[in-house]
């Protein structure tokens, strides 16, 4: 797919087009799994393939690395990573109540009620989120992570909205029994 104005519906791997799930919810599920410290790298890759590629079993083993790279390129919106370490400033699960309204404002529609909103459309709107509760929370998280002093109004905001700003600790969002069943299902060893 060479036209930068088109929204990709497939990924070309070694000359073969493989259809992909493009809805933003599918990609957020992948990102959520990839940030789960309880999952192994093998489990994360399995989840990536099963969610993103509709016919992942048809991808030849010798093209797996290319499939991983092109999946990452799709998820990264075609923007190359500058390689710098990044501070975690948002959480796809925790921030939904403040993120969705901010993206809704940019798109002029409720993203949650959309049947199939392409990931690139969603992430483009996400990158255009302006002044909002979400941006205030992210700004305060950024300052705190970098050890910068909060302005007086930010200190007051933080005091009354810690539940929004502080990341919740995730004990185990998937019970261990379910994880074990998934490991058996996919043939993973603990």
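The values are calculated or read from the model by the stated rules, or taken from the named source; none is laboratory data. Every value quoted in this text rests on a predicted model; they were computed, and no experiment measured them. Every residue, glycine as well, gets a Cβ built from its backbone with ideal geometry; the counts of neighbours run over all protein chains shown.
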Residues of the stretch 35-49 being in contact with a helix residue (DSSP H, G or I) (Cβ under 6 Å, 6 or more places away or on another chain) and either under 19 Å from residue 115 (Cβ atoms) or surrounded by fewer than 16 Cβ atoms within 10 Å (Cβ to Cβ) (or both), in sequence order, are 44
Suppose the filter is at pLDDT 95 or above and touching a helix residue (DSSP H, G or I) at 6+ places or on another chain (Cβ under 7 Å); does residue 89 pass it?
no
